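The next block holds one structure in the form of structure tokens; read it before the comments.
Each value in this text was obtained by applying a stated rule to the coordinates, not by laboratory testing. Computed from a prediction, not measured in an experiment: that's the story for all the values here. For neighbour counting, all protein chains shown are included, and Cβ atoms are generated from backbone atoms with ideal geometry for every residue, glycine included.
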Amino acid sequence: MTPQHASELTLQTCLLAPVVPVLVVDDASIAADLARALVVGGLPALEVTLRTPAALDVIREMAGVAGGVVGAGTLLTAADVENAKAAGATFGVAPGATDRLLDACEANDLPLLPGVATATEAMRLLERGYSVQKFFPAEANGGAPALKAIGAPIPQVRFCPTGGVSLKNAGDYLSLPNTVCVGGSWVAPANLVAARDWDAITALATQAAALPR
């Protein structure tokens, strides 16, 4: 898969909703219910971070939920890419980007949303063909004003800012012409997941899905 094709597919995923839930799930037995709650609320693109031992099983369970588009986050190595693809992930997300990781995603036909924090990193990825990127960690890197400033000289790149994004500041990012969606964990807070309060999570998803962009 070429970087250009990967970015086209990534853009399609990012356009599904204004928010991509960033999920850290410890228990695969609740994965399908969590995915359904988010999809019903209008957030079909789901990022399952590879931060727990259960993550690959969570991806397998969520991949079977109708209407869901499940990806793997926190991709760091070629092995992560291969395991995520085998588990059923249809896209990947990384906090940064290395040549080895990019090579692995391209070889395994896994569209990647690669992370950047600076204009130089954004330019380097654009040079390789990646025109859709993750701005991370968004708030720690200056928030929406910083992303707006990066967008002025590099309008070819569209971003999904993640890291410190919440319902309170999501609109600041989504109002920028270079922001296609945001990533956030607030739509599936740990306390509601632990309580299996799927109705409350659907309500948060519905609220997030209604954000203008």
### Task
Test residue 110 against the criterion of being among the aliphatic types (A, V, I, L, M), over 27 Å from residue 191 (Cβ atoms) and crowded, with 24+ Cβ neighbours inside 10 Å, and give yes or no.
no
### Query
Failed condition for residue 56, given (1) under 19 Å from residue 80 (Cα atoms); (2) within 12 Å of the chain's Cα centre (by Cα), with all others met?
(2)
### Query
Just one of the numbered conditions (1) closer than 21 Å to residue 10 by Cβ; (2) surrounded by fewer than 16 Cβ atoms within 10 Å (Cβ to Cβ); (3) in contact with an Asp or Glu (Cβ under 7 Å, 6 or more places away or on another chain) is not true of residue 183; which one?
(2)
### Message
With the requirement that a residue be in contact with a strand residue (DSSP E or B) (Cβ under 6 Å, 6 or more places away or on another chain) and among the polar types (S, T, N, Q), what does the stretch 1-58 give you?
### Response
7, 10, 13, 49
### Message
Considering only residues that are touching a residue at least 60 places away in the same chain (Cβ under 8 Å), in a loop (DSSP other than H, G, I, E, B) and of a type outside the set (A, V, I, L, M, F, W, C), which ones fall in the stretch 158-191?
### Response
185
### Task
Select from the stretch 76-98 the residues that are small (Gly, Ala, Ser), more than 19 Å from residue 32 (Cβ to Cβ) and part of a helix (DSSP H, G or I) and list them in ascending order.
78, 79
